[in-house]
Amino acid sequence: MIVLGIETSCDETAAAIVTDDRRIMGNVIYSQLDEHKAFGGVVPEIAARAHLDILEDVIRRTLAEADMTVADLDGIAATSGPGLIGGVIVGAVTAKAMAATRNLPFVAVNHLEGHALTARLTDDVAFPYLLLLVSGGHCQFLTVTAPGRYTLMGGTVDDAVGEAFDKCAKMMGLGFPGGPAVEAAARTGDAKRFAFPRPMKGRAGCDMSFSGLKTSVRKAILDLPGESLSASDAADIAASFQAAVADVLADRCAHAIAEFDEKHPDGKTLVIAGGVAANTALREKLTGLCALVGFRCVVPPPALCTDNGAMIAWAGVERLRLGLTNDLDFAPRPRWPLAELEGVSP
Ligand code: KG4
Ligand code: ZN
């Protein structure tokens with residue numbers, strides 16, 4: 001089975017072709033960074049227009065990379081929510097048009113499910129598993145029992161962790177996108193210089209909170225003398241912030257693992273997914289934690305943690321295999337929680 005996946009929910013215009021035996025045949029990502037940089041964040045209207053301009057070319061390049069034509073495909077999958085709705089519509093309508101003209105099945109993929117299932121493309125991961133989903137807008141622990149079957153265990157009560165990275169980077173003048181900029185700055189910084197708080201650490205359950213940490217970073221910046229932040233101060237703040245995030249996530253993961261293990265003693269796997277999972281320091285910290293408690297920690301390679309078409313194509317494969325296709329009148333959804341997905345009956 002060969003599926004084309006299209007991703008247009010934020011500022012990456014991406015497409016990929018993936019097979020059901022887990023080969024990525026073509027994978028093209030066009031990042032709209034330059035279009036949005038001057039605004040310090042993603043501008044939805046600009047993103048939608050850029051997707052419209054570039055998507056056809058991205059799909060053509062993906063087919064060329066795979067050395068295939070549309071006739072080789074068994075299905076077309078596209079992110080159909082959640083995300084910036086203008087971009088989502090561009091991708092979904094393109095996929096529907098291709099499916100209609102070629103009489104192929106269309107799969108409306110939930111972007112978060114794309115992240116959630118990527119580990120099954122890159123590694124041998126069986127259901128059930130514990131998922132820590134950490135992206136720009138989402139920050140949750142979920143139990144994953146099948147495609148379309150997600151149980152929310154806990155999540156952030158305020159900011160998503162990716163959002164905290166982005167906002168802190170902005171305050172430090174490190175630019176956009178914030179996560180990679182903070183990680184790069186942190187490499188030369190002193191993680192012990194600023195004693196930032198560890199919100200929710202030790203609390204029962206596995207909810208999270210990051211807005212207090214963000215406020216502490218703002219205060220630390222304001223308390224420093226001088227008009228602008230020196231590179232070494234920025235590095236120390238970045239390193240101290242990242243260490244606080246890692247500490248909090250490790251604590252919250254320990255709680256989530258205990259809870260998951262009680263219900264699914266055969267699971268023993270933590271999957272980390274979403275853009276923030278590209279962070280090396282976090283990957284190392286959580287891998288270490290898992291080793292201590294006898295869990296396997298699976299994190300896809302960084303390029304498959306941040307938004308890409310392969311994750312959407314793979315979610316398409318997983319759904320097609322179960323006969324889960326969508327009608328062409330499927331309405332793209334700006335908001336679409338994983339817990340509202342449809343799967344097959346257990
Ligand atoms: O999954 P993703 O690419 O897009 C969404 O679905 O939101 O996640 C983007 C988020 C952004 O907040 C970005 O700053 C963060 O992931 N991110 C990182 C890193 N790379 C991306 N955060 C920390 N360290 C990184 N290396
Ligand atoms: Zn994403």
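The values are calculated or read from the model by the stated rules, or taken from the named source; none is laboratory data. Not measured: the values here are computed from a predicted model. Backbone-built Cβ (ideal geometry, glycine too); neighbour counts: all protein chains shown.
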Determine whether segment 305-322 contains at least one residue that is away from ligand 1 (no atom under 16 Å from the Cβ), within 18 Å of Leu104 (Cα to Cα) and in a loop (DSSP other than H, G, I, E, B). yes
Which residue is farthest from Val134 (Cα to Cα), if the candidates are limited to segment 181-222 and must be part of a helix (DSSP H, G or I) and touching a residue at least 60 places away in the same chain (Cβ under 8 Å)? Ala186
Name the single residue, out of those in segment 125-135 being crowded, with 24+ Cβ neighbours inside 10 Å and either in contact with an Asp or Glu (Cβ under 9 Å, 6 or more places away or on another chain) or over 21 Å from Ala246 (Cβ atoms) (or both), that is modelled with the lowest pLDDT. Ser135
Applying the selection to segment 13-52, what residues are within 16 Å of ligand 2 (Cβ to nearest atom) and closer than 17 Å to Gly175 by Cβ? Ser31, Gln32, Leu33, His36, Gly41, Val42
Among Thr101, Thr122, Thr94, which is the only one that is of a type in the set (Ser, Thr, Tyr), surrounded by fewer than 22 Cβ atoms within 10 Å (Cβ to Cβ) and without any contact (Cβ under 8 Å) to a residue 60 or more places away in the chain? Thr101
For Pro180: the one exception among (1) closer than 27 Å to Arg296 by Cα; (2) surrounded by fewer than 23 Cβ atoms within 10 Å (Cβ to Cβ); (3) more than 10 Å from ligand 1 (Cβ to nearest atom): (3)
Going by the structure shown, is Met172 under 18 Å from the mean Cα position of the chain (by Cα), away from ligand 2 (no atom under 16 Å from the Cβ) and either modelled with pLDDT of 95 or more or aliphatic (A, V, I, L, M) (or both)? no
For segment 267-279, which residues satisfy the criterion of being away from ligand 2 (no atom under 16 Å from the Cβ), touching a helix residue (DSSP H, G or I) at 6+ places or on another chain (Cβ under 7 Å) and not hydrophobic (A, V, I, L, M, F, W, C)? Gly267
Tell me, which strands (runs of 3 or more DSSP E) wholly within segment 66-153 include 2 or more residues that are in contact with a Phe, Trp or Tyr (Cβ under 9 Å, 6 or more places away or on another chain) and under 19 Å from Met25 (Cα atoms)? 75-81
